[in-house]
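Okay, structure first, notes after.
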Amino acid sequence: MTSERPDQSEEEVAAKSFITDRSLLWAKRSAIYTLSQRSVSTEALRKKIVERAVRKYDGIEPSEAEKLAAAAVAFCTDNGFLDDQSFAEYRVAEGVRKGHSRRKIEMTLADKGVARDDAAGAVIDVDDVESAMNLAQKKGYGPFRRGDADQKRIAREAAAFARNGFSSEITWKIVRMSPDDLGD
């Protein structure tokens, strides 16, 4: 930070700094509060703290807000409150349970701030057929369908599988299944 006035002392310049013990404590508490509400990735937490710092401290420089966020993220990581691998594993399990494809889960992780390589590693064991069966059971599609299937209903079911990122091969396999096929 440079002095705007030539007669401004270094003490006055330092007094304008928002990085203090109090602001660092605030950033750590803010991070812990966020993590107590929901699980987030490292990148999402960093962005949230920067956003809050800008709102809280009028006139804070973006670099100072970044430093506060970095300190809070480091604190949470060092103390085991924040772990992208655990976050990714949780989101993968949740995606499979909801009936999302491997591709959709990977894109969701990337949107949440998990690095693409980490996201790809987290979804490596996802079975798209298992996820598709979860979706079919949850929504009453394919072998879990009650009643007769006309063309309109089959098309609607296939569209739901496509929206969840499944290939056409898996989609039609599940949509055309009968309740008798479940034993196989």
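The values are calculated or read from the model by the stated rules, or taken from the named source; none is laboratory data. For clarity, every value in this text was computed on a predicted model and none was experimentally measured. Glycine gets a Cβ as well: all are built from the backbone with ideal geometry, and neighbour counts include every protein chain shown. What goes into the accessible areas is simple: the full protein's heavy atoms, side chains included, and nothing from ligands, DNA or RNA. Shrake-Rupley method; radii C 1.70, N 1.55, O 1.52, S 1.80 Å.
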Starting from residues that are more than 22 Å from Gly80 (Cα to Cα) and among the hydroxyl-bearing types (Ser, Thr, Tyr), keep the ones in region 15-36 and report whichever is least open to solvent (accessible area, probe 1.4 Å).
Ser17
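Just give me the residues in region 134-149 being in a helix (DSSP H, G or I) and open to solvent by 50 Å² or more (accessible area, probe 1.4 Å), in sequence order. Spell out the reasoning first.
Applying the first criterion (in a helix (DSSP H, G or I)) to region 134-149 yields 134-139, 142-144.
Within region 134-149, Gln137, Lys138, Lys139, Phe144 qualify.
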Being over 16 Å from the mean Cα position of the chain (by Cα), surrounded by 15 or more Cβ atoms within 10 Å (Cβ to Cβ) and hydroxyl-bearing (Ser, Thr, Tyr) narrows it down to one residue among Ser101, Ser63, Ser131; which is it?
Ser131
Mind listing whichever residues of region 49-78 are at pLDDT 95 or above and not in a helix (DSSP H, G or I)?
none
Among residues of region 150-184 being of a type in the set (Gly, Ala, Ser) and open to solvent by 20 Å² or more (accessible area, probe 1.4 Å), the residue modelled with the lowest pLDDT is Gly183
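On the basis of being of a type in the set (D, E, K, R) and closer than 16 Å to Arg46 by Cα, does Glu89 make the cut? Before the answer, list the steps.
Numbers: of a type in the set (D, E, K, R): yes; closer than 16 Å to Arg46 by Cα: no.
It is false that Glu89 is of a type in the set (D, E, K, R) and closer than 16 Å to Arg46 by Cα.
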